[in-house]
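Below is one structure, written out as structure tokens; comments come after it.
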Amino acid sequence: MERGNYSQVTEFILLGFSTDPIVQVLLFHVFLILYMTTVAGNLLLMVAVRSDHRLHSSMYIFLASLSFLDICFTSITIPNMLSNFLRAKKSISYAGCLVQVYSFLLFGETECVLLAFMAYDRYVAISNPLRYSVVMRTTACVRMIGVSWLTGAAISSVDIYFLCTLRFCTFTTIDHFFCEAPSLMNLSCSDLYLINVVKLVGSSILLLVPLPFILYSYSHIILVVLRIRSRRYKAFSTCTSHLIIVILFYGSAIIMYMKPEHSGHLSDKLLSMFYTTVTPMLNPLIYSLRNKNVQVAIRNYGRSVVVSNPHILGSV
């Protein structure tokens, strides 16, 4: 984009998906249901892991951490989008936009690293089950989660530093449903060469480095599962489901963040929907809520709540 007269930007206008009032009301209800489903599913998983000591193993600690990330991930985008569906002026302040971009990058980049550690956890469990409890101790699991957050925080801080240097000319309308780094860069009239290099390096570290390891881990797991005679179909189904979710998350993110230019068209918005809405909603269902141990933990927690609060049944 050509350099022009820079202006002091105080807010941005988010175009969202449609300007039709009827469509906006319909989308409001659709995304409200998706958001409530995402929060409820992930909260259920976190409660189950917290309340049942039998789930205090590395696998479930990772899953609870993923659920927390998914709630944060969706909560920085969908609530603001829901309010914009009902407002005539769909604006967000400049500071609010940068906070949204930073939070989105922090949670998203942390999840990229966490998914790789989760694949390693399953890889050790399948390939070396006798040493699993030694290799994947609780302390090792907590360290891996800490590394995920530190990596996400470090790279997102570098990203937001360069995004804060962007200057904007006349246009302050973002053709997206939330403030995302590529859309913000597309709107800027600054020289984007350096920030594109930074984005490419960061995206390569977080998207292209963990993905081959995750694919290798799950491929190895599937090969081992195929040699297991008992409950082969269920184990194979679970592993392939995990792999599908990972491919959806990484695939859409790679397409979005590795390409040099962003059109802001519907295709970009649909890509963003995969990693902001679809995968956070599916994660608890695919990874855990079909797990019998998690189901038992949720039922036990429900019974304990009813026993300690008998008036709940009387009010229903």
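None of the figures in this text is laboratory data; all of them are computed from the coordinates on show. Note that the coordinates shown come from a computational prediction; the quantities given were computed from them, not determined experimentally. Neighbour counts are summed over all protein chains in view; Cβ atoms, including those assigned to glycine, are modelled from backbone coordinates with ideal geometry.
Principal axis lengths of region 11-315 from Cα atoms, whole Å, largest first?
Reported extents, whole Å, longest axis first: 63, 53, 32.
For Ile174, enumerate residues with amide H under 5 Å from its amide H, sequence gap 5+ or separate chain, H modeled in the peptide plane.
For Ile174, the qualifying residues are Ile13, Leu14, Leu15.
Just to be sure I understand: with springs between alpha-carbon atoms less than 10 Å apart, which residue in Pro210, Pro79, Pro280 has the highest mean-square fluctuation in the Gaussian network model of the chain?
Highest fluctuation of the listed residues: Pro79.
Under 15 Å Cα-Cα from Lys89, which aspartates and glutamates qualify once same-chain neighbours fewer than 8 residues away are excluded?
Cα-Cα hits under 15 Å: Glu11, Asp20, Asp175.
Taking Lys292 as the anchor, which lysines have their alpha carbon closer than 29 Å to its alpha carbon, excluding any fewer than eight residues away along the same chain?
Lys234
Taking K and R as +1 and D and E as -1, what net charge do the other residues with C-beta under 15 Å from the C-beta of Val47 add up to?
+2
Would you calculate a helix-derived [θ] at 222 nm for the chain, using -39,500 (n - 2.57) for each DSSP H run of n ≥ 4 and dividing by the full residue count, to the nearest 500?
About -23000 deg cm²/dmol.
Report the gain in length on full extension from Val30 to Tyr94: 0.36 nm times residue separation, minus Cα-Cα distance, nm rounded to one decimal.
My answer for the length gained is 20.3 nm.
In nm², what is the average projected area of the convex hull enclosing the Cα atoms of region 185-229?
4.2 nm²
When Lys and Arg each count +1 and Asp and Glu each count -1, what net charge do the other residues less than 14 Å away from Asn300, Cβ to Cβ, add up to?
Summing Lys/Arg as +1 and Asp/Glu as -1 gives +4.
Within a 10 angstrom radius of the beta carbon, how do Phe12, Phe213 rank from fewest other beta carbons to most?
Phe213, Phe12
For the residues Asp70, Asp20, Asp52, what sequence is obtained by ranking on other C-beta atoms within 10 Å, fewest first? List each step's numbers first, then the result.
Numbers: Asp70 23, Asp20 10, Asp52 17.
Sorted ascending by nearby Cβ count, the order is Asp20, Asp52, Asp70.
Please check: in the Gaussian network model of the chain (C-alpha springs, under 10 Å), which one of Ile33, Ile174, Ile145 has the largest mean-square fluctuation.
The residue that fluctuates most here is Ile33.
Find the centroid of the Cα atoms in region 66-120 and in region 121-183, then give the distance between the two in whole Å.
Cα centres, region 66-120 to region 121-183: 12 Å.
In the chain, which whole DSSP H runs stretch at least 20 Å along their own axis (Cα) and average -1.0 or higher on the Kyte-Doolittle scale?
Passing helices, by number: 21-51, 58-75, 94-127, 138-163, 210-226, 232-258, 292-308.
Given the options Leu63, Leu150, Leu206, state which has the largest fluctuation in a GNM of the chain using a 10 Å cut-off (strictly under) for Cα springs.
With Cα springs under 10 Å in the chain, the top fluctuation among Leu63, Leu150, Leu206 is at Leu150.
Just tell me the longest site-free run in the chain, where the sites are trypsin sites (Lys or Arg not before Pro) in a DSSP loop having at most 15 other beta-carbon atoms within 10 Å.
Numbers: sites that count: Arg3, Arg87, Lys89, Arg137, Arg167, Arg227, Arg229, Arg231, Arg290.
Maximal segment without exposed cleavage sites: 4-86.
Cβ under 13 Å from Tyr102's Cβ, Tyr102 left aside: what net charge do those residues give with Lys, Arg +1 and Asp, Glu -1?
So the environment of Tyr102 carries a net charge of -3.
What order do you get for Asp121, Asp175 when you list them from fewest to most C-beta neighbours inside 10 Å?
The most exposed by this proxy come first: Asp175, Asp121.
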